[in-house]
């Protein structure tokens, strides 16, 4: 099992960060900082650990924020060598969180400091309070940085401005009106780095959750550019709308209303044990030459007795008229940290090109886990 992310913030990394700072700021109270930063650390998850170390840093730095900020910048290590090295920067997250929380009284200097910092660990969370509370300063910097030669800075311009960035504060103004962020990703859609283009796709997907028609319009315009990179971005950027069966998104991607008849649908084994795997199967008769985008809708019991809803991606299938198509999908009933697996009646539906063709139910047995 992979090591939990929270373990990147540990007594050793905390001490190392303090020693790094003391090299440029000899008056740094290393032992007092270490004691405050590690107090009760084992009981804390990742973000509370980051916050605790950031607060300990602030208490140990010069009282005047401009002086404290300069120490943090001067103590930065060498930039990341490539986009695969981002995880090595986790111990620096408290530095960026310190700027995120404590620098808002000096927005211009604090946002400027995020430029070198994001080359060591992504500043996508740290910039968001500035976009929210000091939009002219923060968005102005983003508009300049979008052509920066450094890939991490360009990615920050897209990732940091996502309306609904996971783990980040929601940018309410951008949720309501995504035009500022859209202007940014319009300039990054043809970025030479896949690292940036992936962020552009995720930003577009964020926009789709509140502005589906605008998203389809933008995606259509981008596809007209005809590049392989844009096609990849659009496919990823429309994934939420595709799962929802949005007609415009599906049509744009070449998936028209399905001309098909469901002949059979089933689940095996039934009943199934929590922790096991089941096979979903369906047989479809094609009434025309067509491309199918197959999804499986799974509805599972919640704690309150209602059924939760999630979409399991299947595959794309090219069919010809009169063809009988067998479609299968493995579904794991193994518990995961983000979802409890409960016994009871589960429902499964097969969705082709956004349209549900039919559904069935099966029993899951065992203890909730």
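Annotations
- Cα gyration tensor category, rounded, prolate or oblate, for region 260-365 with a/c compared to 1.5: prolate
- Nearest-ten-degree value, helix 135-145 long axis tilted from longest Cα axis of the chain: 80 degrees
- Between residue 277 and residue 193, the contour length at 0.36 nm per residue exceeds the Cα-Cα span by 26.5 nm.
- Considering only beta bridges that DSSP places wholly inside the chain, some 95 percent are antiparallel.
- Folded to 0 to 90 degrees: helix 212-223 orientation relative to the chain principal axis, Cα: 90 degrees
- Percent RCO, i.e. relative contact order, over the chain, from Cα pairs under 8 Å lying at least 6 residues apart: 10 percent
- Among the listed values [x] 24.7, 80; [y] 20.2, 61; [z] 20.9, 69, the one matching Rg and Dmax of the Cα atoms in Å as calculated from this structure is [x].
- Order of 252, 214 under a 10 Å beta carbon neighbour criterion, fewest first: 214, 252
- Note on the chain: helix-only mean residue ellipticity at 222 nm, from DSSP H runs of 4+ residues weighted -39500 (n - 2.57) and normalised by residue number, equals -12500 deg cm²/dmol.
- On Cα atoms only, tilt of 46-60 relative to the major axis of the chain in degrees: 10 degrees
- Mean separation of Cα contacts under 8 Å, 6 or more apart, over the residue count of region 187-335: relative contact order %: 19 percent
- Packing-based exposure ordering (other Cβ within 10 Å, fewest first) of 98, 157: 98, 157
- Separation between Cα centres of region 109-140 and region 254-328, rounded to whole Å: 44 Å
- Exposure proxy ranking for 232, 222, based on other Cβ atoms within 10 angstrom of each Cβ and starting from the fewest, stands as 232, 222.
Bear in mind these aren't lab numbers, they're just calculated from the coordinates by the rules spelled out. Please read these numbers as outputs of a predicted model, since none were measured by experiment. A quick note on method: Cβ atoms are made from the backbone with ideal geometry, for glycine too, and the neighbour counts reach across all protein chains shown.
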